[in-house]
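Here the structure comes first, spelled out in structure tokens, and everything after it is commentary.
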Amino acid sequence: MAERDSLPRADTRPGPGHLRGLTEPAPRPAHVSERRWAGLLDVGWAGRLRGPDGSNRFRLRYHGELYDGLITNDAQGLPALVYAVPTVGEPILLFDGAAHGCNALFCDTWEAGVLSAHRAERTYVDADGEDTFELVVWVGYNIDWDDEDERATVEDPDDPGLARLVDGRRLPFPVVATDGFDAIGVMVTDTRGHAFDVVSEELA
């Protein structure tokens, strides 16, 4: 594993491809200390979700189970699936554990029939009965894909510029560097200003 000091900071990363163009710079959520927030940004990227109409409050729809308020895998082990639902426009995919992150790219496979039941049909409601939130997404990066030893583990032997994914696809390493994150957090703030995590997962 490469040293974290060699990895780019959050303000120089574009963030995951599926969220590009949908976020703005994220303020520090109220439940995260300044020291911890600085640490998260040192090893990751964070963005506050912004809807197509400029709004920044969303409902959450998900597949999975709730454990201590966090959205996790379902009882059969199928990974979490989370969408943000704006007032105007289509739902925005925040996280699909079967498609996003290191495990989904390089480790885990799912039968098509299993994933056909992977639908976000439940609405997230917090302990106070609120269901509309401001959303900050953070993803963590601990793998340096410019490191020769790291690249060699997944490098396509026919094209060193591409990584081999577990499902047979090939992706350029710059894409893997942003989409192959190894941790994700979705942090929400309700209308009363209460902030907390709804997703917190290690993905490698």
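The values are calculated or read from the model by the stated rules, or taken from the named source; none is laboratory data. All of these numbers come straight from a predicted model, not from anything done at the bench. Virtual Cβ from ideal backbone geometry, glycine too; neighbours counted across all protein chains shown. The accessibility values were calculated without ligands, DNA or RNA, using every heavy atom of the protein model including side chains. Shrake-Rupley method; radii C 1.70, N 1.55, O 1.52, S 1.80 Å.
Structure values in brief
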read-out	value
Enumeration of residues in the stretch 57-84 that are modelled with pLDDT under 95 and polar (S, T, N, Q)	N73, Q76
All positions within the stretch 35-55 that are open to solvent by less than 50 Å² (accessible area, probe 1.4 Å), part of a loop (DSSP other than H, G, I, E, B) and within 19 Å of P16 (Cα to Cα)	V43, G51
Filter pass, T132 being of a type outside the set (A, V, I, L, M, F, W, C) and at pLDDT 90 or above	yes
Neighbours by Cβ (under 6 Å, 6+ apart or cross-chain): first from the stretch 105-126, more than 29 Å from F173 (Cα to Cα); second open to solvent by 70 Å² or more (accessible area, probe 1.4 Å)	A120/R61; T123/R61
Subset tally (residues that are part of a loop (DSSP other than H, G, I, E, B), over 16 Å from F133 (Cα atoms) and in contact with a Gly (Cβ under 9 Å, 6 or more places away or on another chain)) for the stretch 68-99	7
Any hit, the stretch 131-145, residues being out of contact with any strand residue (DSSP E or B) (no Cβ under 9 Å at 6 or more places or on another chain) and either part of a loop (DSSP other than H, G, I, E, B) or surrounded by fewer than 14 Cβ atoms within 10 Å (Cβ to Cβ) (or both)	yes
Test result for D159, of a type in the set (D, E, K, R) and within 23 Å of W45 (Cβ to Cβ)	no
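Residues are listed down the side, and each one gets a yes or a no for (1) aliphatic (A, V, I, L, M); (2) in contact with a His (Cβ under 9 Å, 6 or more places away or on another chain); (3) open to solvent by less than 30 Å² (accessible area, probe 1.4 Å):
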position: F58; (1), (2), (3): no, no, yes
position: D68; (1), (2), (3): no, no, no
position: E90; (1), (2), (3): no, no, no
position: A99; (1), (2), (3): yes, yes, no
position: T109; (1), (2), (3): no, no, no
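For every residue, the table says whether it meets (1) open to solvent by less than 50 Å² (accessible area, probe 1.4 Å); (2) not in a strand (DSSP E or B).
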residue	(1), (2)
D149	no, yes
L162	yes, no
G168	yes, yes
V175	no, yes
T178	yes, yes
F181	yes, yes
G185	yes, no
V188	yes, no
V198	yes, no
